[in-house]
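Please treat every number below as a calculation from the coordinates, not as lab data. Just so you know, these numbers come straight off a predicted model, no measurement behind them. Quick reminder, even Gly has a Cβ in these numbers, built from the backbone with ideal geometry, and neighbours come from all protein chains shown.
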Amino acid sequence: MIIYLHSAIGIKVSQLQGFFVGWPSPPTPETHLKLLHHSDKIVLAIDKETDAVVGFITAITDHVLSAYISFLEVLPCYQHQGIGRELTRRMIECLDNFYMVDLLCDPEMQPFYEAVGMQRSTGMLIRNHHKQTSMK
């Protein structure tokens, strides 16, 4: 059974194993926990049988008009079970009062986000891969 929480209070590093698959320089579980605590909004999916976090979504906001969904990940062995869709639905519900809710994603992920009510857009980005692993 999967439960959903809106807080990382009580979450341990040991519960955050296996995320960031395929990243050239994946964050450590310690950095992952830090990003959960520093995000403005989070939703966690936890497998009650194993007590492991199996998915998460985060957002940062200006607390006035805009929000940015920065991460959505579901562990590979839990994908295609509706967990990502439920995490996204819950986050969009949390951000419902903001004028704009944005995210960047790879083109192959756009149909997923369209299915939850988002629209395609364009954007720009910088990725400093060498910096994220040095975050303490």
Calculated Cα extents along the principal axes in Å (choose from (1) 42, 32, 21; (2) 34, 33, 25; (3) 37, 36, 30), label: (3)
Cross-link partners of LYS131 among lysines (Cα-Cα below 21 Å; sequence separation of 8 or more within a chain): LYS34
Environment charge at MET1 (Cβ cut-off 12 Å; Lys +1, Arg +1, Asp -1, Glu -1): -2
GLN110 paired with ALA52, simple spin-label distance in nm, labels 7 Å along Cα-to-beta-carbon: 3.4
Calculated [θ] (222 nm, deg cm²/dmol) that DSSP helices of n ≥ 4 give over the chain, each run adding -39,500 (n - 2.57): -6500 deg cm²/dmol
Check: the chain dipole with +1 on Lys, Arg Cβ and -1 on Asp, Glu Cβ, in debye: 300
³J(HN,Hα) computed for each position of the range 72-82 - Karplus, 6.51 cos²θ - 1.76 cosθ + 1.60, integer Hz, glycine/proline x: 9, 9, 10, 3, x, 6, 10, 6, 6, 10, x
